């Protein structure tokens, strides 16, 4: 299945330049196009009336010049031609761009915010992830080769499309795919003796191996084998390619089953 366009949201920061470079490379690998989008804040929150159009146009042209200068060393000239500037909040602007282009991925540059900064301004990446209907990829630092893709699966209906998406991205990047499922500990009720969780974890793993692990295929198309045994004190890599272990948490003991495919 062919890839749809990729949208990368940018500002004038170095993190955005790294994200744009990564998105351009990913689009080239996928054989699709990459579109750069910048959301310019309307500081006066002006109404959309004819008298305000020159101001909006000047605002967009100023933002376009700043973004081009910030991305000049990270993105080729051909890539900069895809830059579009939209007035409004970043989540709204990116959602509109995705709808207009039929894009299937948004790329953003990750930033380290202080606790106070998150409290006042929030995180653009988090806001976008909460409002968009397509996957969001947040980069960290300069572009680097993706060697592993980790997908979290459970026994819900959301696991199958999530796993399919992870396999697709792993294939695009030529990366190793790892799937992990965490079994939540049984609830602790005050003044009630805790039940023995052995049967609960055994049933959860049985259902996981029956319904989920067979969906994961190796690069040659063979199904990944996922027979496993519990090990309470240590994790061991099995010949079948499955690692399972018990892990301890604050609220009790939780089981984790993990399956991965070699690159």
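The values are calculated or read from the model by the stated rules, or taken from the named source; none is laboratory data. Just so you know, these numbers come straight off a predicted model, no measurement behind them. Note: ideal-geometry Cβ built from the backbone for every residue, glycine included; neighbour counts use all protein chains shown.
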From the option list 177, 186, 163, single residue qualifying as in a loop (DSSP other than H, G, I, E, B), in contact (Cβ under 8 Å) with a residue 12 or more places away in the chain and over 27 Å from residue 38 (Cα atoms) is 186
So the check is Cβ under 9 Å with 6+ separation or different chains; which pairs have a first residue in segment 200-225 that's part of a strand (DSSP E or B) and a second one that's at pLDDT 80 or above and surrounded by 13 or more Cβ atoms within 10 Å (Cβ to Cβ)?
217/167; 223/213; 223/215
If the requirement is being at pLDDT 90 or above, over 22 Å from the mean Cα position of the chain (by Cα) and surrounded by fewer than 16 Cβ atoms within 10 Å (Cβ to Cβ), which of these qualifies: 78, 70?
78
Taking segment 22-53 as the search range and keeping residues that are under 15 Å from residue 85 (Cα atoms) and at pLDDT 95 or above, which one is surrounded by the fewest Cβ atoms within 10 Å (Cβ to Cβ)?
35
Got at least one residue in segment 145-154 being without any contact (Cβ under 8 Å) to a residue 40 or more places away in the chain, exposed (fewer than 11 other Cβ atoms within 10 Å of the Cβ), touching a helix residue (DSSP H, G or I) at 6+ places or on another chain (Cβ under 9 Å) and under 30 Å from residue 71 (Cβ atoms)?
yes
Return the residues of segment 81-95 that are under 19 Å from the mean Cα position of the chain (by Cα) and surrounded by fewer than 16 Cβ atoms within 10 Å (Cβ to Cβ); say none if nothing qualifies.
92
Picked from segment 108-125 (must be surrounded by 15 or more Cβ atoms within 10 Å (Cβ to Cβ) and over 24 Å from residue 62 (Cβ atoms)), the residue modelled with the lowest pLDDT is 113
Which one is surrounded by the fewest Cβ atoms within 10 Å (Cβ to Cβ) among residues in segment 126-141 that are modelled with pLDDT of 85 or more and in a loop (DSSP other than H, G, I, E, B)?
133
